[in-house]
Ligand code: MN3
């Protein structure tokens with residue numbers, strides 16, 4: 001068995017002007033493909049590795065750094081592509097209620113998430129996560145780590161993640177990472193995020 005690069009659910013230029021087509025193409029065909037290739041290589045040295053990516057992420061503590069970085073890279077990018085859409089919308093249902101409960105107004109949540117993303121040092125991701133009780137938490141993690149990797153200690157499940165590696169934005173935004181963080185709010189598929197939230201609270 002080998003992991004494969006998934007197709008994007010939209011064209012490379014679909015997220016223009018917020019994320020440019022060249023960034024999307026390189027990010028998908030070079031960076032994401034690179035994680036997939038290196039993951040397959042790293043797993044070829046592991047006896048009977050799981051063939052479900054999510055199981056690998058949950059049990060990541062059992063594997064070496066090459067598996068951790070590249071399984072994280074494959075999982076996180078697949079998750080990221082699925083979270084974006086050229087026709088953005090607003091949070092709905094139980095997720096909207098939870099956001100209102102914890103942050104009062106959507107704009108307050110956006111500011112909190114953006115501030116935390118701006119504060120991330122080096123390469124990593126900012127995650128919106130939920131637990132079974134329905135609480136939300138914004139978590140910064142370095143490299144290609146993901147809240148699921150720490151689930152056994154702290155049961156937070158990611159429902160949205162923002163890639164803050166320079167390769168995600170540098171061609172268009174250069175040093176202005178804050179502009180990229182601002183642009184992302186125009187292309188989040190909140191239907192996908194709300195569905196993930198409902199799955200977490202359903203257990
Ligand atoms: Mn990336």
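No value in this document is a laboratory result; all are computed from the given coordinates. All of these numbers come straight from a predicted model, not from anything done at the bench. Here Cβ is always computed from backbone atoms with ideal geometry, including for glycine, and neighbour counts include all displayed protein chains.
Taking the helices alone, the chain has a mean residue ellipticity at 222 nm of -13000 deg cm²/dmol, built from -39,500 (n - 2.57) per DSSP H run of at least 4 residues and averaged over all its residues.
Its residue count N sets the reference 2.2 N^0.38 Å, and the alpha-carbon radius of gyration of the range 62-121 equals 1.51 times that reference. Label-to-label distance for residue 14 and residue 105 is 3.3 nm, based on points extended 7 Å past Cα in the beta-carbon direction. Note on the range 79-169: percent of Cα-Cα distances in each 5 Å bin, starting at 0 and stopping at the bin with the largest distance, equals 3, 13, 22, 26, 22, 12, 3, 0.
Put in line by how crowded their Cβ is, counting other Cβ atoms within 10 Å and starting with the fewest, 196, 177 read 177, 196.
Send over the Kirkwood Rh of the range 162-203, from the inverse of the averaged 1/r over different Cα pairs, rounded to one decimal Å.
Numbers: mean 1/r = 0.0837 Å⁻¹.
Across the range 162-203, the inverse of the average 1/r is 12.0 Å.
The ranking of 101, 13 from fewest to most other beta carbons within 10 Å of each one's beta carbon is 101, 13. Calculated on the Cα set of the range 33-133, radius of gyration then Dmax: 17.1, 50 Å.
Taking 0.36 nm per residue of sequence separation and removing the Cα-Cα distance, the residue 62/residue 7 pair yields an extension gain of 16.9 nm. With the simple spin-label model, which puts each label point 7 Å out from Cα in the Cβ direction, the residue 51 to residue 138 separation comes to 4.1 nm. When the P(r) is computed for the range 1-62, the part past 14 Å accounts for 64% of the Cα-Cα pairs. For the range 41-200, the Kirkwood estimate of hydrodynamic radius, built from reciprocal distances between every pair of different alpha carbons, is 16.4 Å. Note on the range 114-155: semi-axes of the ellipsoid equivalent to its C-alpha gyration tensor, largest first and rounded to whole Å, are 19, 13, 6. The distance from the alpha carbon centre of the range 50-128 to that of the range 169-201 is 9 Å, rounded to a whole number.
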